[in-house]
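Here you go, one structure.
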Amino acid sequence: MPKRKSEDSHMPMGECISQVQTLLRERLCHQQLPQRPEGVDSQHKHLLELLKRTAAHGESNSVLIIGPRGAGKTMLLRRVLAELLVEDDVQKTLLQVHLNGLLQTDDRIALKEITRQLSLENVVGDKVFGSFAENLAFLLEALKKGDRSSSRPVLFILDEFDLFAHHKNQTLLYNLLDVSQSAQTPVAVVGLTCRLDVLELLEKRVKSRFSHRQIYLLSSLTFPQYLKAVRALLQLPDPGFPDATFRRDWNHSVEALCEDKSVEDVLRRQFNSTKDLRSLHRLLMVCLSRVSVRNPAIKPVDLQDAGRLLSADAKTNVLHGLSILELCLIIAMKHLNDIYDREPFNLQMVYNEFKKFLQRKSHSMYNFDQPVVMKAFEHLQQLEVIRPVDAAASRAQREYQLVRLMLDHSQIMEALQKYPQCPTDVKQWAESSFA
């Protein structure tokens, strides 16, 4: 079968698809964020002025950027740094040290990373320092070019700032903030964190050295802006894509996709769940993986399937592999939760509830012996569908061990709808409001 070709550039369809995959995968996998964050002009101006005072005038500062994941903290800082480094003087003198609380898990590792990023390994050599403060002071001193006025400004960026508060004695934070408060070396400490209560984590001596400057970011993204971001992520660039006809057809299909009601429902659910553009990138990436010569555009069904795949509940999926007996035990636990207002229960209570169902409502179920029921109960515990209330409960006799169900009503009902060949009376039992 000959390859299909586009009308005006004579590029084979397979090559067009390959180019689309390459271009959009790079865009989505590298998570290219918008050039300028929207709705944060005052925060942008505040941070830019603050860092400019350190970079250009040698004034030390400390500031925290606080906001939920996906609010644009990193994007704001990245944009401010890009504007700051446009100036030649700043670009030549400003040094940056990037630390992350997930990677630099103690002060020794953090200090090693600071030394590496400042390229001072040869200067430090085999020197032995009496304390962290002495080591840091030596590093900063090594950056001076002769007199005190010619010290190079250093910007310390601490991502996951709250995790540094868990380091022993908060030595790193104390010393960095202490230097930023003194006039010895121009230092700016910028912390990024999701925790609103981050100041409560700091020791008194650390808190006293912090400037208490805080920049709050809350995602102000609206749904129309979110849809606009989807279009921007999927559309092919005008100059930049070699096949004009394919580009035109693809961009028309993206417009049609974004106007489809079912697609809008999927995107609205995603938007209401999280406004983080990185999760949108994951959703679109799943859709893009379906694009091929046979399917040369993203269709509404692709987006619906991707939405279902990414929003699939792991615990609900676990229930699909359970036996009917195990499913019945979960329904019995659901009823116990309803009756006793989510109080803990034990195997004996669950077994009694199950027996009541068999006696009153079921004509299709075999009456399992208690040892078999106990084995099924233990399997649910291994899957962590149920968990002991506390350590003391786990040591009690198995029939009387107090446990809690780790599923809610909606998860159980969703699993029952998808369970293959589930008996009708079991479904009816689950749907009934009484045991």
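Do we find that LEU236 is free of Cβ contacts under 8 Å to residues at least 60 places away in the same chain, surrounded by 15 or more Cβ atoms within 10 Å (Cβ to Cβ) and over 25 Å from the mean Cα position of the chain (by Cα) in this structure? Please lay out each step first, then the result.
Values: free of Cβ contacts under 8 Å to residues at least 60 places away in the same chain: no; surrounded by 15 or more Cβ atoms within 10 Å (Cβ to Cβ): yes; over 25 Å from the mean Cα position of the chain (by Cα): yes.
So LEU236 fails the test.
Could you list all residues from segment 166-190 that are under 24 Å from ARG69 (Cβ atoms) and touching an Asp or Glu at 6+ places or on another chain (Cβ under 8 Å)?
Hits for segment 166-190 are HIS167, GLN170, LEU172.
Could you grab me the full set of residues in segment 301-323 that are loosely packed, with under 15 Cβ neighbours inside 10 Å and closer than 30 Å to VAL403 by Cβ?
SER311, ALA312, ASP313, ALA314, ASN317, HIS320, GLY321, SER323
I need the full set of residues from segment 206-233 which are without any contact (Cβ under 8 Å) to a residue 12 or more places away in the chain and β-branched (Val, Ile, Thr), in order please.
THR222
Follow-up. Out of all the residues in segment 239-248, which are surrounded by 17 or more Cβ atoms within 10 Å (Cβ to Cβ) and either outside the structural domain of SER18 (by TED's automatic domain parsing) or touching a residue at least 12 places away in the same chain (Cβ under 8 Å) (or both)? Give the derivation first.
Kept after step one, since they are surrounded by 17 or more Cβ atoms within 10 Å (Cβ to Cβ), are these residues of segment 239-248: 241, 243, 246-247.
Those that are surrounded by 17 or more Cβ atoms within 10 Å (Cβ to Cβ) and either outside the structural domain of SER18 (by TED's automatic domain parsing) or touching a residue at least 12 places away in the same chain (Cβ under 8 Å) (or both): PHE241, ASP243, PHE246.
So which of GLN235, GLN214, GLN225, GLN184 is in contact with a Leu (Cβ under 6 Å, 6 or more places away or on another chain) and not acidic (Asp, Glu)? Can you show your working first?
Numbers: GLN235 fails: in contact with a Leu (Cβ under 6 Å, 6 or more places away or on another chain); GLN225 fails: in contact with a Leu (Cβ under 6 Å, 6 or more places away or on another chain); GLN184 fails: in contact with a Leu (Cβ under 6 Å, 6 or more places away or on another chain).
Checking each option against the conditions leaves just GLN214.
Within segment 354-369, does at least one residue satisfy the condition of being assigned by TED's automatic domain parsing to the domain that holds THR274, part of a loop (DSSP other than H, G, I, E, B) and surrounded by 15 or more Cβ atoms within 10 Å (Cβ to Cβ)?
Kept after step one, since they are assigned by TED's automatic domain parsing to the domain that holds THR274, are these residues of segment 354-369: none.
No: segment 354-369 contains no residue that is assigned by TED's automatic domain parsing to the domain that holds THR274, part of a loop (DSSP other than H, G, I, E, B) and surrounded by 15 or more Cβ atoms within 10 Å (Cβ to Cβ).
Restricting attention to segment 91-118, report how many residues are among the aliphatic types (A, V, I, L, M) and part of a loop (DSSP other than H, G, I, E, B).
Our first condition is that a residue be among the aliphatic types (A, V, I, L, M); within segment 91-118, this holds for 94-95, 97, 99, 102-103, 109-111, 114, 118.
If we keep only those that are part of a loop (DSSP other than H, G, I, E, B) too, we end up with 94, 102-103, 118.
Result for segment 91-118: 4.
Given the criterion hydroxyl-bearing (Ser, Thr, Tyr) and either part of a helix (DSSP H, G or I) or crowded, with 17+ Cβ neighbours inside 10 Å (or both), identify the matching residue among SER262, SER292.
Numbers: SER292 fails: either part of a helix (DSSP H, G or I) or crowded, with 17+ Cβ neighbours inside 10 Å (or both).
Sole residue among the options that is hydroxyl-bearing (Ser, Thr, Tyr) and either part of a helix (DSSP H, G or I) or crowded, with 17+ Cβ neighbours inside 10 Å (or both): SER262.
Now a separate question. Scan (1) free of Cβ contacts under 8 Å to residues at least 24 places away in the same chain; (2) exposed (fewer than 15 other Cβ atoms within 10 Å of the Cβ); (3) not assigned by TED's automatic domain parsing to the domain that holds GLN21 for the single condition GLU203 breaks and write down its number.
(1)
Also, I was wondering about something else. Out of LEU267, LEU309, I need the residue that is outside any loop (DSSP other than H, G, I, E, B), farther than 23 Å from ILE17 by Cα, without any contact (Cβ under 8 Å) to a residue 40 or more places away in the chain and of a type in the set (A, V, I, L, M). Which one?
Details: LEU267 fails: without any contact (Cβ under 8 Å) to a residue 40 or more places away in the chain.
When all the criteria are applied, what remains is LEU309.
Select from segment 157-194 the residues that are part of a loop (DSSP other than H, G, I, E, B) and closer than 23 Å to LEU81 by Cβ and list them in ascending order.
Filtering segment 157-194 for residues part of a loop (DSSP other than H, G, I, E, B) gives 160, 165-167, 182-186, 194.
Answer for segment 157-194, where residues must be part of a loop (DSSP other than H, G, I, E, B) and closer than 23 Å to LEU81 by Cβ: GLU160, THR185, PRO186, CYS194.
Here is a further query. Here is a list of conditions, (1) within 26 Å of the chain's Cα centre (by Cα); (2) part of a helix (DSSP H, G or I); (3) farther than 25 Å from GLY67 by Cβ, and ILE298 meets all of them except one; can you say which number that is?
(2)
State which residue is surrounded by the fewest Cβ atoms within 10 Å (Cβ to Cβ) when the search covers only segment 166-200 and only residues that are of a type in the set (Val, Ile, Thr) and under 25 Å from the mean Cα position of the chain (by Cα). If you could, list the steps in order and put the result at the bottom.
Filtering segment 166-200 for residues of a type in the set (Val, Ile, Thr) gives 171, 179, 185, 187, 189-190, 193, 198.
Of the ones still in play, those that are also under 25 Å from the mean Cα position of the chain (by Cα) are 189-190, 193, 198.
Details: VAL189: 26, VAL190: 25, THR193: 23, VAL198: 16.
If we take residues in segment 166-200 being of a type in the set (Val, Ile, Thr) and under 25 Å from the mean Cα position of the chain (by Cα), then VAL198 is surrounded by the fewest Cβ atoms within 10 Å (Cβ to Cβ).
Tally the residues that are modelled with pLDDT of 80 or more, under 28 Å from VAL389 (Cα atoms) and not in a helix (DSSP H, G or I), restricting the search to segment 402-435.
8
If I go through segment 52-90 residue by residue, how many of them are β-branched (Val, Ile, Thr), within 18 Å of the chain's Cα centre (by Cα) and assigned to a helix (DSSP H, G or I)?
So the answer is 1.
The values are calculated or read from the model by the stated rules, or taken from the named source; none is laboratory data. If you're wondering where the values come from, they're calculated on a predicted model, not measured in any experiment. Because the Cβ atoms are built from the backbone with ideal geometry, glycine has one as well, and the counts that use them run over all protein chains shown.
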